[in-house]
Every structure is written in C-alpha cells, then in structure tokens.
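Colleague: One structure coming up, written as structure tokens, with questions to follow.
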Amino acid sequence: MRGSYLVIEPQMSAHKSGFKPVPLTASPGLRFMQELVGGPIQAIPRFTIWQGEKCVAICNEEGKMRRLPFNETASSAWTFITKTTDFLVGNVVIFQGDEEFLDSIL
C-alpha cells in the first residue's frame, strides 16, 4: 500500500505553492484526516481526478456552516473537473495512490 496526500489551504495559490505531496505507506486513519480538515470529514463528490491521476478528496463536512474561508484553488480544480457551480471552503485534502490505498480512505 502506498500513497500520498496534499493539503490545499484556502490561502494557497496553485502557481506559488508548488504542491508537494506527502508520502504515506499506510492508510491515514479517521483521526488524522479530521486533523487535516479541522473537523468531521466529507468526501467531495465527483472530485476523483487530480493532475491526471485517480484521487479521493475530502473537506470539513461543516465547513460552510462554520463559515470557513473560500478555497479558490481547490474550488477551481473541482469546478473544472465536474462543471459544478458549487464551491469549497477550508482545507481540502487530496489523497492519491494505488487502489489499495485509495480504497482504505473512505
């Protein structure tokens, strides 16, 4: 099992950050994922491709209710992929890896 994750914070710019994934050799686990998004997790519907590879993307389930800051970078990627008019707030975490790794996420 191998994979990686990338946290896209609201203030990050896709052009300035250089997006550096953090490698993982095991499933991250619920508590770790909750720490990354700052609360309960929610899979982001139809956000299954990132930079041409399969992925699982998550955010804070209560993000809009808690008025977390707009995440322009993640929203732009998501709306480009899905053609949705919705938007994302707070930290968005993208997990990529082999099938076993991705299956273990949710």
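The values are calculated or read from the model by the stated rules, or taken from the named source; none is laboratory data. Note that the structure is predicted; figures quoted are calculated from it, not measured. Neighbour counts are summed over all protein chains in view; Cβ atoms, including those assigned to glycine, are modelled from backbone coordinates with ideal geometry.
Colleague: Return the residue satisfying two criteria in turn: it lies in the stretch 86-103 and is surrounded by fewer than 21 Cβ atoms within 10 Å (Cβ to Cβ) and free of Cβ contacts under 8 Å to residues at least 60 places away in the same chain, and of such residues it is farthest from Val37 (Cα to Cα).
Modeller: Glu99
Colleague: Being in contact (Cβ under 8 Å) with a residue 24 or more places away in the chain and farther than 18 Å from Ser4 by Cβ narrows it down to one of Lys83, Lys64, so name that one.
Modeller: Only one candidate qualifies: Lys64.
Colleague: Do we find that Phe87 is aromatic (Phe, Trp, Tyr) and part of a loop (DSSP other than H, G, I, E, B) in this structure?
Modeller: The answer is yes for Phe87.
Colleague: Out of the stretch 65-86, which residues are of a type in the set (A, V, I, L, M, F, W, C) and within 13 Å of the chain's Cα centre (by Cα)?
Modeller: Ala74, Ala77, Trp78
Colleague: Okay, next question. I'd like the residue in the stretch 68-85 that is out of contact with any Pro (no Cβ under 7 Å at 6 or more places or on another chain) and closer than 19 Å to Gln34 by Cβ and, out of all such residues, is modelled with the lowest pLDDT.
Modeller: Ala74
Colleague: For the condition acidic (Asp, Glu) and either within 11 Å of the chain's Cα centre (by Cα) or at positive phi (or both), what is the one hit in Glu9, Glu35, Glu62, Glu53?
Modeller: Glu9
Colleague: When you check Arg67 against the structure, is it at positive phi and in contact with a helix residue (DSSP H, G or I) (Cβ under 7 Å, 6 or more places away or on another chain), yes or no?
Modeller: It is false that Arg67 is at positive phi and in contact with a helix residue (DSSP H, G or I) (Cβ under 7 Å, 6 or more places away or on another chain).
Colleague: Does any residue of the stretch 93-104 turn out to be among the hydrophobic types (A, V, I, L, M, F, W, C), modelled with pLDDT of 95 or more, closer than 24 Å to Pro23 by Cα and in a helix (DSSP H, G or I)?
Modeller: yes
Colleague: Moving on to the next point. Do we find that Trp78 is touching a residue at least 40 places away in the same chain (Cβ under 8 Å), under 22 Å from Phe101 (Cβ atoms) and not polar (S, T, N, Q) in this structure?
Modeller: So Trp78 fails the test.
Colleague: Can you give me the number of residues within the stretch 17-70 that are buried (at least 18 other Cβ atoms within 10 Å of the Cβ), part of a strand (DSSP E or B) and out of contact with any strand residue (DSSP E or B) (no Cβ under 6 Å at 6 or more places or on another chain)?
Modeller: Residues meeting the conditions: 1.
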